[in-house]
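Below is one structure, written out as structure tokens; comments come after it.
The values are calculated or read from the model by the stated rules, or taken from the named source; none is laboratory data. This is a predicted model, so every value here is computed, not measured. Cβ coordinates were reconstructed from backbone atoms using ideal geometry, including for glycine residues, and neighbour counts include every protein chain displayed.
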């Protein structure tokens, strides 16, 4: 029996971006592996699959179009683009309910699979479809949980400080936290209205019980980007004493914790360099940079200058998957010093390659990393333990290789594409059979 499944994603998936000649967005890259499986096996599994996602008015294919959605096709898959102010996800636009409702009317899905709760389009879709027994939300990050720890132990003097950019945009740290609170309200409402949720950690299972008490919880691990299955970390090929963070653009990612302990690490290993991917929020070279810098970016920059860390901290910008993979493979230790995470894909990617991981023991991280066996976990409020873990791995190649080998073995099971794809199909059919 054929099943029609509509995906609602936060981003334009890479296979669609490629067909339109658009820049590929590096976020949520794990969706590509799952999408490819569905595309290749559509006929075999009798699943007709379509994708919808938001875009702002400046996207060429949307520009000048006044219809409720724009429809096109890539690799035999229909996709729909609706308008959303993605720059201000704290604002709910009820007009999206009409737009997404029109998409639903056109595609006529048997089931809608929504990836993430971070944007108000999730709530708009849940309301527009109005069929909780056929609606599945996959939990990614949780805005309500992020809001609770957004400041990540920053001093109050830093929390309240604003740059010109923060004042102009009304986007200081307190305002940023308030936006997550608001997004969390939409998230809670959306979860309370659905019948099915997927998750993969103790953290999201507990949050589902709290926020979606009437929903059925389905366990499903994530499949990561293909590049990370094809190579392996080798201690003879690394840049010794290099540390890597996949992002550090807002407080909960914890870059400031690393900067606090970095001088002590440099005292023992003066070659130490921290590489940071993602948005470069400390840029300060031009007048434009100085005007655009945020309060948190200024705080990080001042800390780097004060401790003379300029040669030891390198911001590498947003990296496509091939360059991200290459950076991982050169890394001595991957760090995840976040104040909150569910199951960070960066940790999964590091483990899949076999990069030694040190992570704060927050959220669902302990479901990915077995402390002392395939990585080292530490309490998030104990940066001294973060420092000690880094120094242990720097000093002991046998420990690094032990963690690396075990991490690869663990991650190959957690992120097995075939198992995860079969699990997805089982969930779809379970929902379908219950209707």
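When we screen 145, 178, 152, 190 for residues that are in contact with a helix residue (DSSP H, G or I) (Cβ under 9 Å, 6 or more places away or on another chain) and at positive phi, the only hit is 152. Please verify whether residue 197 is under 16 Å from residue 141 (Cα atoms), in a helix (DSSP H, G or I) and either touching a helix residue (DSSP H, G or I) at 6+ places or on another chain (Cβ under 7 Å) or at pLDDT 95 or above (or both), treating the condition exactly as stated. For residue 197, the condition - under 16 Å from residue 141 (Cα atoms), in a helix (DSSP H, G or I) and either touching a helix residue (DSSP H, G or I) at 6+ places or on another chain (Cβ under 7 Å) or at pLDDT 95 or above (or both) - is not met.
Taking region 238-272, which residues are within 15 Å of residue 393 (Cβ to Cβ) and part of a strand (DSSP E or B)? Matches in region 238-272: 242, 243, 244. Applying a threshold of 6 Å to beta carbon distances and a minimum spacing of six or more residues, or different chains, the list of pairs starting in region 43-65 at a residue that is more than 16 Å from residue 86 (Cβ to Cβ) and ending at one that is part of a loop (DSSP other than H, G, I, E, B) reads 46/2.
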